[in-house]
1. List the pairs whose first member sits in the range 134-148 and is open to solvent by less than 40 Å² (accessible area, probe 1.4 Å), whose second member is in a strand (DSSP E or B), and whose Cβ atoms are under 7 Å apart, counting only residues at least 6 apart or on separate chains?
2. Can you name every residue in the range 158-186 that is over 20 Å from residue 96 (Cβ atoms) and of a type in the set (Asp, Glu)?
3. Within the range 153-162, how many residues are open to solvent by less than 40 Å² (accessible area, probe 1.4 Å) and modelled with pLDDT under 85?
4. What's the total number of residues in the range 141-155 that are touching a Ser or Thr at 6+ places or on another chain (Cβ under 7 Å) and charged (D, E, K, R)?
5. Out of the residues in the range 83-126 meeting the condition of being over 22 Å from the mean Cα position of the chain (by Cα) and polar (S, T, N, Q), tell me which one is surrounded by the fewest Cβ atoms within 10 Å (Cβ to Cβ).
6. If you go through the range 66-110, how many residues are outside any helix (DSSP H, G or I) and either in contact with a Gly (Cβ under 9 Å, 6 or more places away or on another chain) or not hydrophobic (A, V, I, L, M, F, W, C) (or both)?
Amino acid sequence: MDRLPDAALAAVHDRRRAARQARRIVLLRGALAAGLVIGFALWAHFGSGRPGFSPRVSPEPGWGAFRAAYGVDTFGHDGYFVRAVQNGYNLVHHTHKYAWRFTRKGALDRPNACIDCHSAESLAYAFATGDRFEARLDRRVSFEERVIRCYAGHLDGFIPTIYDPAVRDIRIFARMVAHHLQLGEGAPERAP
């Protein structure tokens, strides 16, 4: 039986040892990278205190009264829908603060918030009438597109995407107010 010379056998062992060490390094780097990502996520959500990293929405003045008047708590005290309604409330009442990236208007400019032109009830009626045919454009225009047009036109701002929370949460806010007013699809707006 032929045996490998000692030098060749030592070279095979060295290659195997180097391969095992390379695998350990790759696994260690992967574990370190995963640990960094998990550590950052935990820090961002629980330790940073920065609102951009937290799913919590800070309450603005008037939110408590609005929450009680419109029965927001019937949907739960906290949860995705309630936080979206609260963010929608903040967007409608404090647009310059919560949708600053889509508007050029500041705190001192008028109008600088959706509430300067629209009431919560008018947004609910706009939601209930939903997609309407616009003769001027010769096509149907959705509620979201109307919100986008307000950002660009009335607030002298920039156009968000239809899926941005700055549009989506206004829709959820209007939906909740329409639910409270028991508005069905196509409900005509009542005179004040």
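The values are calculated or read from the model by the stated rules, or taken from the named source; none is laboratory data. It should be emphasised that the depicted structure is a prediction, and the values quoted were computed from it without experimental measurement. Cβ coordinates were reconstructed from backbone atoms using ideal geometry, including for glycine residues, and neighbour counts include every protein chain displayed. Heads up: the accessible areas ignore ligands, DNA and RNA and are worked out on the full protein's heavy atoms, side chains in. Shrake-Rupley method; radii C 1.70, N 1.55, O 1.52, S 1.80 Å.
1. These pairs meet every condition: 141/132; 141/134.
2. Selection gives 185 alone.
3. The number of residues fulfilling the criteria is 2.
4. The number of residues fulfilling the criteria is 0.
5. 119
6. Final tally of qualifying residues: 14.
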